[in-house]
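Inspection log for the structure reproduced underneath, given as structure tokens.
The values are calculated or read from the model by the stated rules, or taken from the named source; none is laboratory data. Only a predicted model underlies this, so the values are computations on that prediction, with no experimental measurement involved. When we count neighbours, we look across all protein chains shown, and the Cβ atoms used for this are built from the backbone with ideal geometry, even at glycine.
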Amino acid sequence: MSIWSNSLTASSKLWLAEVDAMHVGKKLDLRFFDPGDANGNSWMTLHSPLGTIPTCSWEVWNHDLTVQESSGSGACSGQTTIGSTRQYNNKWILAIVDLPDDPADTCGSDCFWYMDLNLSQPTERTTWRARIIGNPVRLVP
């Protein structure tokens, strides 16, 4: 999905994916290209449908996914622009979230994962992707 960020969307909630309880124990794979380009301190924070900030493992890659620049794990929240330094300019952030094993921990009244964006004078278009990694569907003849 392509998202245009401008001053009207400086602080917003972006609905990323609906992940039904049938996906318990699988992984949510999130990919963001060129996120958080802004003219000042900016953050993005992932939230589960229950409103919690999950932990995730993440990697930062160059624009064509040929060089991994950094990696880590922890709370799925981060500062994307520090002052005037756009640390993810023209880069990919890949994040993997382990989905809960208990269906009761997966969804509240809805099953949408979302991103809180707090951007200072955002300036351009970004690309975002979400998918589930897990057991494939098998077709039986």
**Request:** For residues that are of a type outside the set (Lys, Arg), over 19 Å from Ala21 (Cα atoms) and modelled with pLDDT of 80 or more, tally how many sit in the range 94-141.
**Result:** 8
**Request:** Considering every residue within the range 23-40, establish whether at least one is in contact (Cβ under 8 Å) with a residue 12 or more places away in the chain, aliphatic (A, V, I, L, M) and out of contact with any strand residue (DSSP E or B) (no Cβ under 6 Å at 6 or more places or on another chain).
**Result:** yes
**Request:** Kindly indicate the residue of the range 74-93 that is among the small types (Gly, Ala, Ser) and over 22 Å from His23 (Cα atoms) and also modelled with the highest pLDDT among those meeting that condition.
**Result:** Ser77
**Request:** Within the range 22-58, work out how many residues are among the small types (Gly, Ala, Ser) and at pLDDT 85 or above.
**Result:** 4
